[in-house]
Structures are given as C-alpha cells and as structure tokens.
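Engineer: Shown below is the structure under consideration.
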C-alpha cells in the first residue's frame with residue numbers, strides 16, 4: 001500500500017474544484033450581466049413608453065390650448081353680440097318714448113303757456129318757457145305728473161321776464177323725468 005500515490009488524485013480534485021469555482025464565477029457573472037441587461041432593457045422600455053405618453057400629453061395640451069383660445073374668442077364675440085343685442089333691445093323698447101314724450105308735452109300744455117326750449121339728457125328733460133301766470137305753470141306741472149310717461153316735475157325757476165316788462169309773462173325752468181317703458185308694458189296700456 002505504500003506504493004499508491006494520492007497526489008495526482010488530490011491534484012485532479014483541486015483542478016476540478018478550481019474549474020467548478022471558475023465556472024460558477026463565470027456563470028454568476030453571466031447571470032448578473034443577463035439580469036443587469038434585462039433590467040436595463042426593461043427600464044429603457046419603460047422610459048421610452050413614458051416619453052411617448054409625455055409627447056402625447058404635450059400634443060393634447062397644445063390641442064386643448066388652441067380649443068381654449070377659440071372658446072375665449074367665441075366668448076368675446078358672444079359677449080360683444082349680447083351687448084349689441086342689449087343696446088338694440090333697449091333702443092327698440094324706448095323707440096316709442098320720444099313720440100309719447102312730445103305727445104304728452106303737447107297734451108299737458110295749458111292755454112297761456114308756451115315752451116321756448118326743450119333739452120333731453122338721458123331720461124331727464126329740461127324745459128324752459130313762458131306763462132301768463134304762475135297758476136298755469138303749476139297746472140302744467142300737475143298735468144305732467146299725472147302722465148304715465150312723465151314724472152317728478154321739479155320747478156327750478158319762475159320769474160317775471162326781464163326783457164319784456166310790459167307783457168307780464170313769467171319765465172320758468174322746469175325739470176321732468178321721462179319714464180321708459182318696455183314694449184310689453186306699452187301694449188298692455190294700449191290694450192286697456
């Protein structure tokens with residue numbers, strides 16, 4: 001038994017063990033590289049997918065911004081049109097007002113009183129005229145107040161005409177408010 005040499009067997013076992021160790025390291029490195037490569041590929045795919053989503057969202061944001069600008073333009077146009085319609089409706093509803101104003105001015109005018117000036121600012125009317133007596137001015141004011149188209153007559157001045165002392169005419173200034181009525185109210189009054 002002394003003639004058996006165990007060294008080559010140990011040498012062979014050591015070589016085999018080193019080869020297995022090297023193979024396991026190479027396998028571990030290859031597996032690690034494969035895992036890292038797979039992770040990298042997966043992450044690149046996710047990044048690419050997210051970039052595509054971001055690009056789509058940016059494109060939709062631009063499309064929505066255009067739509068919002070169009071809506072703002074349409075809203076501005078709508079507001080301008082509504083303002084114009086309101087002005088037209090207001091003019092339409094007050095159109096017969098001037099006719100009623102002159103009609104009421106003439107119908108309320110008593111004998112012995114005449115107007116020299118009529119000035120309108122909005123719904124305020126300033127009247128100037130001459131009357132034979134203060135009672136005629138008072139009567140005119142009462143008639144104006146009883147009118148459905150005029151109200152709040154306010155006498156600001158009444159005096160004897162300084163230019164013509166012989167005529168004894170009273171010069172007066174009077175303020176009246178015109179009542180603006182819509183067409184519906186006017187038709188109701190005309191129907192009664």
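Engineer: Quick one: work out Rg over Rh on the C-alpha atoms of segment 109-182, Rh as Kirkwood radius.
Structural biologist: 1.00
Engineer: Describe numerically, in nm with one decimal, the distance between label points set 7 Å from Cα along Cα→Cβ at residue 78 and at residue 50.
Structural biologist: A separation of 4.0 nm, rounded to one decimal place.
Engineer: Here is a further query. Choose one answer from 68, 158, 25: the residue with the largest mean-square fluctuation in a GNM of the chain with alpha-carbon springs under 10 Å.
Structural biologist: Evaluated over the chain, the most mobile residue of the options is 25.
Engineer: Once the mean 1/r over all distinct Cα pairs of segment 3-117 is inverted, what Kirkwood radius in angstroms do you read off?
Structural biologist: One decimal place: 25.0 Å for the Kirkwood radius.
Engineer: What is the ratio of the Cα radius of gyration of segment 52-99 to 2.2 N^0.38 Å, with N the residue count, to two decimals?
Structural biologist: Segment 52-99 yields a ratio of 2.16.
Engineer: Next up: Highest mean first, what order results for 170-176, 47-53 on Cβ atoms within 10 Å?
Structural biologist: 170-176, 47-53
Engineer: Compute the projected area of the convex hull of the Cα atoms of the chain, averaged over all viewing directions, and report it in nm² to one decimal place.
Structural biologist: Quarter of the Cα hull surface area: 27.6 nm².
Engineer: Please work out how much length the chain gains when fully extended from residue 34 to residue 179, using 0.36 nm per residue of separation minus the C-alpha to C-alpha distance, in nm with one decimal.
Structural biologist: Answer, rounded to one decimal: 43.0 nm.
Taken together, the values in this text are just the output of simple stated rules run on the coordinates, not laboratory data. As the structure is a prediction and not an experimental result, all values here were calculated from the model. Cβ atoms come from the backbone with ideal geometry, glycine included; neighbour counts cover every protein chain shown.
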